[in-house]
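The values are calculated or read from the model by the stated rules, or taken from the named source; none is laboratory data. All values reported here derive from a predicted model rather than from experimental measurement. Don't worry about glycine lacking a Cβ; one is built from the backbone with ideal geometry, like all the others, and counts go over all protein chains shown. Protein only, heavy atoms only, side chains kept; ligands, DNA and RNA dropped before computing areas. Shrake-Rupley method; radii C 1.70, N 1.55, O 1.52, S 1.80 Å.
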Amino acid sequence: RPAAGPARFTDRQIVRGFLAVAFGAEYATGTTDRIRRFDGPVRVLVDAAGAPPDLAAARTATVEAVVAEIGRGVQHLDIATTHDRADANLTILIVRRRAFAATVTAVFGPDRASTILRRLAPDCVSGFSRDEAFRIRQAAVILVADTSDFAFRDCTIEETLQALGPINDTTLPWTMFNDAVRTGRFGRYDRYLLGLLYHPRMRPGMPRREAEAIARAALPDVRAFVDAGRSTPAR
């Protein structure tokens, strides 16, 4: 469970969290000192072919609901599910637990998969590829279907958010990006962080100092949207 957050997060708390997750990476593969994010619409393909038949429909519905929730909660992020594989730039694979390791290896390659699987025994994992301008081009999330409903939803939220760019972990107590925190929801603090990352003034490839200045300048807009409980219209 998350620590009880303050009634109002300070600018410093929000910017600190943003910088913590937007730079660096839990599993670093290359340069991690630049902003990484999609620079256009995100279309999510949900593939439950590897899930147990009795769980496939329910797990797919959970993922679709989470994607819609993220889309409503981040003002300038255009994200939605698609059934067109050619249109998808984020693929979410739902698999049986016994097939998880093999799927991670197939998607991320044996070297990277070995590191992930050796360091922890996850129920979910995400990653992305980017171009030279640090724009995310393709992302993937792998989720174990045969776990509890709560654990599945929690994993879906955390890994989908990380696939959007903030791929580093933090010890801050109010965020899904802390591995010790399990909330099963897309909370207010994380909406601030994603709102900053996808604000129009925040661009892929920005170094830390420039991104920090933009985050401070954009924060009033992000606060206004999140604190008002607004949501973006359905796409």
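Brief remarks on what is shown
- Pairs are defined by a Cβ separation below 9 Å, a sequence spacing of at least 6 or placement on different chains, a first member in segment 208-224 that is open to solvent by 90 Å² or more (accessible area, probe 1.4 Å), and a second member that is assigned to a helix (DSSP H, G or I); the pairs so defined are ARG208/LEU19; ARG208/ALA22; ARG216/ASP11; ARG216/VAL15.
- Every condition in (1) in a helix (DSSP H, G or I); (2) touching a Pro at 6+ places or on another chain (Cβ under 9 Å) holds for ILE136 except the one numbered (1).
- Candidate set from segment 60-69 (those that are open to solvent by less than 10 Å² (accessible area, probe 1.4 Å) and touching a strand residue (DSSP E or B) at 6+ places or on another chain (Cβ under 6 Å)); member that is farthest from GLY165 (Cα to Cα): VAL63
- Qualifying residue in segment 179-188 (condition: within 26 Å of VAL63 (Cβ to Cβ), of a type outside the set (Lys, Arg), free of Cβ contacts under 8 Å to residues at least 24 places away in the same chain and not in a helix (DSSP H, G or I)): yes
- So ARG43, is it among the basic types (Lys, Arg), touching a Gly at 6+ places or on another chain (Cβ under 7 Å) and either closer than 19 Å to ILE157 by Cα or at pLDDT 95 or above (or both): no
- Here segment 80-115 is the region considered, the condition is being buried (at least 16 other Cβ atoms within 10 Å of the Cβ) and within 18 Å of ASP154 (Cβ to Cβ), and the residue that is modelled with the lowest pLDDT is PHE100.
- Within the option set ALA163, ALA224, ALA213, being small (Gly, Ala, Ser), under 12 Å from the mean Cα position of the chain (by Cα) and at pLDDT 95 or above holds for one residue only, ALA163.
- ALA151 part of a helix (DSSP H, G or I), aliphatic (A, V, I, L, M) and surrounded by 21 or more Cβ atoms within 10 Å (Cβ to Cβ): no
- Index of the failed condition, ASP146 passing every other in (1) closer than 15 Å to GLY184 by Cα; (2) in contact with a helix residue (DSSP H, G or I) (Cβ under 9 Å, 6 or more places away or on another chain); (3) among the acidic types (Asp, Glu): (1)
- Qualifying residue in segment 110-124 (condition: part of a strand (DSSP E or B) and touching a residue at least 24 places away in the same chain (Cβ under 8 Å)): yes
- Condition met for PHE38 (closer than 26 Å to PHE100 by Cβ, under 17 Å from the mean Cα position of the chain (by Cα), modelled with pLDDT of 95 or more and among the aromatic types (Phe, Trp, Tyr)): yes
- Output for segment 157-191, where each listed residue is closer than 21 Å to HIS76 by Cα and touching a Ser or Thr at 6+ places or on another chain (Cβ under 6 Å): GLU159, GLN162, ALA163, PHE177, TYR189, ASP190
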